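A.B. asks: Dropping the structure in here first, questions after.
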Amino acid sequence: MAASDQQVPTKPKRKRFRDLSPEQQAEYRDNLRHSAAHVLAEAVLKLFPEAKLTIGPPIRDGFYYDFDVERPFTPDDLSAIEKEMQASIRANTAFVEREVSRDEARELVADNRYKQELIDGIPEDEKVTFTSHSNGAFDDLCRGGHVDTTGQISAFKLLSTAGAYWRGTEANPMLQRIYGTAWESRDKMRVYLKQREQAQQRDHRRLGAQMGLFFFDQLAPANPFFRPKGAFVYNTLVDYVRGLYQRYGYDEVITPQMFNTDLFKTSGHYDNYIENMYMLEIDEQEYGMKPMNCPSHAVMYSKSLHSYRELPIRYADFGRLHRYELSGVTAGLTRVRSFVQDDAHIFCREDQIADEVNGFIDMLNESYEVFGFDSTRFVLSLRPDKRVGSDELWDGAESALEAVLQERGGEFETAEGEGAFYGPKIDMFVPDALGREWQLGTVQIDFNQPERFDLTYVNAESDRERPVMIHRAMLGSLERFIGVLIEHLGGNLPLWLSPTQAMLVPIADRHNDYAYAVASKMRNAGLRVEVNDASERMNAKIRDAQLQKINYMLVVGDREIEDDAAALRTRTGENLGAIKVEEIIAKLTEEVKNLTL
RNA sequence: GCCAACGUAGCUCAGUGGUAGAGCAGCAGUUUCGUAAACUGCAGGUCGUGGGUUCGAUCCCCACCGUUGGCUCCA
């Protein structure tokens, strides 16, 4: 501690933020952000006295507060509110917590049904507390967790407004939410806002257009068009997965696109998923586009008699799926209405579950490493209240999944009650450029479909037994995967996945022929190369290749022609100088072979 | 689906109650250049769609379509 601390201050001196432990820092930020939410609520009440307060938690990078108000907030409201907040912060008043009795609490929020509901939800053995600031001018039911004074909220900014249902349920009234960000210093906030801006540069929709990969058109909302280069990426991913399947023992199948709805009545989708299905009528019969592959795989399994010796059977399917998603939730490639998954269903005996899941995670980890996903979050979801299958089945499956995760030693989270009604599952989440997480991989145990389709195998005693079905996807929807991958890599696809691996850049027109000759050599070696023979300056050609995220630029001029070489430049801006064309080919070929990131 | 914002040239955007502009891209010509944007010129838009108000609508109003940010990280 500093020497100045020898003088005993009247109040314990606050430690500087950077001297706090990581846990304390996180707590301080939460407190800061939650305090900012209080100040926000105060400001809103000043300007909109009729507003009803609800909740205002700290969130990642900031905070929000939900209000029940007569009309939605406008951008102008936001700046007015921000001004009010600043006044309150300048006043630098203390946050004061106090315990109140339940009756008193109810009295204090008598005209606020939301707060009443919150009080009802507080367990009997917990204290009910209110927190005030601005010398009591603002008072709110609050669990606590504040900074000492409003003045500590030195850096904040209101970012956006949004409608939000009370408790996130559509049946509830829609509240108006204000999002803001708050930091321990102005510098930190500046850094954050800048990062936010940079993340937008990595948005896959922006990069996808820039790289000429795909586009959307209102003629087919939420259905991407993949241009030649995008289709190349798409198909190369499928090829990659097929390669893994060959090693990990999967068999690819092809199944129909649309089915008589009898299938979905058997599978249960007709009762539970019809809202998301595209239906059509053919020959006065009701048909539906498949939203999932599992029913067709169950049909395929049921078409022949199976011995326990055949199991596990692993059917892989790159079938196109259609799901009607609400218009408000579709987004770029990450949430579309038509997509293909690297989907497969494993039919196995109960005692094979652990091995199957284990083998799947091996494959998944192998692939995620190739793509550089190193912050994958594994979540194990256990039995919900509403479920099918006996407790014994669930016990077995849950402990099998948990044991696999335990034995592998990696970190994972457990979500009680979050499993599907048909079985427990493990989901794998990966963040996008803005830190929003998307589910890519999943492995789900299913006790339901085998029952519904009456699937059986013959065991060693010649008796019929019920197999377990395992749904699993590694990259998940290829569309989403491509979107997340682009953001993850900032568009810098690895060489093996890159639609254009190298751009030949002739310095002057007289070098064009040589450039074409080099390109042809490289193409013969299996590389994907283009020649930019435009009558442009070399700088412009390089810039053009950079924007397209092309891995290598091969600059050729008089000197290179002399030596049968090309000056190699990487998209990271590195100039590797003149290298013999043969060497370049060898280098790139090696890089492709090794799936170098 | 719900709340809000937005929709103008291929892209990024400006603009006004009197039928529209810029930069980049495209095309033509000039330039032939050493590691992220050469110069000149030309061409390019039923201002998302459909109604309404108005002498007149890209602009104001309504509806629809689409896109974007949100819609339990719970007092």
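Each reported figure results from applying straightforward, stated rules to the coordinates on display, with no laboratory input. The shown structure was predicted, so the numbers you read here are calculated from the model rather than taken from an experiment. Note: ideal-geometry Cβ built from the backbone for every residue, glycine included; neighbour counts use all protein chains shown.
A.B. asks: What is the calculated FRET efficiency for A:Lys593 to A:Ser462, with r their C-beta to C-beta distance and R₀ = 51 Å, to the nearest 0.05?
C.D. replies: The value I calculate is 0.55.
A.B. asks: Can you give the convex hull volume per residue for the Cα atoms of region A:281-397, as a whole number of Å³?
C.D. replies: Hull volume over Cα atoms, normalised by residue count, gives 202 Å³.
A.B. asks: Give the residue list of GluC sites (Glu not before Pro) in region A:429-534 that are DSSP loop and have at most 12 other beta-carbon atoms within 10 angstrom.
C.D. replies: The qualifying sites are A:Glu461.
A.B. asks: Go ahead and run the numbers for FRET between A:Glu27 and A:Ser535, Cβ-Cβ distance against an R0 of 60 Å, rounding to 0.05.
C.D. replies: Once rounded, the FRET efficiency stands at 0.45.
A.B. asks: Related question: At q = 0.15 Å⁻¹, what base-10 log of I(q)/I(0) does the Debye formula yield for region A:334-399 when every alpha carbon is treated as an equal point scatterer in vacuo?
C.D. replies: Rounded to two decimals, the profile gives -0.75.
A.B. asks: Based on Cα positions only, what radius of gyration and what Dmax would you give for region A:87-154, in angstroms?
C.D. replies: Cα-based Rg and Dmax for region A:87-154 come out at 13.0, 38 Å.
A.B. asks: Suppose we keep just the DSSP beta bridges with both residues in chain A; what percent of those would be antiparallel, to 5?
C.D. replies: 85
A.B. asks: Give the dimensionless ratio obtained when the Cα radius of gyration of chain A is divided by 2.2 N^0.38 Å.
C.D. replies: In units of the globular-protein estimate, chain A measures up at 1.19.
A.B. asks: Rounded to two decimals, what is Rg over Rh for region A:179-229 when you use alpha-carbon atoms and the Kirkwood radius?
C.D. replies: Rg divided by Rh gives 1.24.
A.B. asks: Still on this structure, please answer the following. Quick one: P(r) of region A:7-117 from all Cα-Cα pairs, 5 Å bins, percents rounded to integers, in order of increasing distance.
C.D. replies: 2, 10, 15, 19, 20, 15, 10, 7, 2, 1, 0
A.B. asks: Helix check for chain A. Which DSSP H runs span at least 24 Å along their own axis by Cα, with a mean Kyte-Doolittle hydropathy no less than 0.0?
C.D. replies: Values: long enough: A:22-47 (37 Å, -0.57); A:75-91 (25 Å, -0.53); A:228-248 (30 Å, -0.33); A:353-371 (27 Å, 0.18); A:391-408 (25 Å, -0.56).
Taking the DSSP H segments of chain A (at least 24 Å long, mean hydropathy at least 0.0), we get A:353-371.
A.B. asks: If you don't mind, another one. Which value, in Å to one decimal place, does the Kirkwood hydrodynamic radius take for region A:205-295 when every pair of different Cα atoms is included?
C.D. replies: 16.1
A.B. asks: For region A:521-597, state which trypsin sites (Lys or Arg not before Pro) are in a DSSP loop and have at most 13 other beta carbons lying within 10 Å of their beta carbon.
C.D. replies: A:Arg537
A.B. asks: Right, here's the next one. Mind listing which trypsin sites (Lys or Arg not before Pro) in region A:296-362 are in a DSSP loop and have 15 or fewer other Cβ atoms within 10 Å?
C.D. replies: Passing sites in region A:296-362 are A:Lys303, A:Arg309.
A.B. asks: Under a cut-off of 18 Å between alpha-carbon atoms, report the lysines in cross-link reach of A:Lys15, not counting same-chain residues fewer than 8 places apart.
C.D. replies: A:Lys188
A.B. asks: Beyond 20 Å, what share of the Cα-Cα pairs of region A:449-551 remains, rounded to the nearest whole percent?
C.D. replies: The calculated P(r) of region A:449-551 puts 61 percent of pairs beyond 20 Å.
A.B. asks: Here's another thing I want to ask about it. I'm checking a number: the convex hull volume of the Cα atoms of region A:215-360, normalised per residue, in Å³. What is it?
C.D. replies: Measuring per residue, one finds 151 Å³ for the Cα hull of region A:215-360.
A.B. asks: Can you pull the Kirkwood radius for region A:207-253, inverse mean 1/r over Cα pairs, to one decimal in Å?
C.D. replies: For region A:207-253, inverting the mean 1/r across all distinct Cα pairs yields 12.3 Å.
A.B. asks: Which FRET efficiency, nearest 0.05, do A:Asp217 and A:Asn276 yield, Cβ-Cβ r, R0 30 Å?
C.D. replies: It comes out at approximately 0.85.
A.B. asks: Moving on to the next point. Run down the lysines and flag those whose C-alpha is under 27 Å from the C-alpha of A:Lys229, throwing out any fewer than 8 positions away in its chain.
C.D. replies: Those lysines meeting the cut-off are A:Lys521, A:Lys541, A:Lys549, A:Lys587, A:Lys593.
A.B. asks: Then there's this: Binning at 5 Å from 0, report for region A:58-114 what percent of all alpha-carbon pair distances ends up in each bin.
C.D. replies: 4, 11, 12, 18, 23, 20, 10, 2
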